[in-house]
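Working notes, structure below.
Here, each number is a calculation from the coordinates, and none is a lab measurement. Note that the structure is predicted; figures quoted are calculated from it, not measured. Glycine gets a Cβ as well: all are built from the backbone with ideal geometry, and neighbour counts include every protein chain shown.
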Amino acid sequence: MFTCLSKSNKIAAFTALVIAMFSYYDVKTLRDLETRLTAKNKTAGLTAEIDALQKRVEELESKSINV
């Protein structure tokens, strides 16, 4: 892969390759983290909506019993 480069250029190319690999890994990790956090936020939002609906059902049930 680096056969036609001088020794210093080989080191520079290898270093650039390693940095690029870590950068890709960091971006991929951040995207995965963002996906997981988004999913958790959606789940938390749905949980809050379910709780609100359950409270509303309890209110309606208590009103229907009192009538």
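Using unit Cβ charges (K, R positive; D, E negative) and no other charged atoms, how large, in debye to the nearest 20, is the dipole of the chain about its Cα centre?
Numbers: 10 positive and 8 negative charges, 107 e Å.
Once rounded to the nearest 20, the dipole reads 520 debye.
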Helix 7-66 axis, angle to the chain major axis (alpha carbon atoms, nearest 10°): 0
Dipole of segment 19-67, positive end: most advanced residue of Leu30, Val57, Gly45 [Cβ charges, Cα centre]: Leu30
Net charge (Lys, Arg +1; Asp, Glu -1) of residues whose beta-carbon lies under 14 Å from that of Leu53, Leu53 excluded, is -3
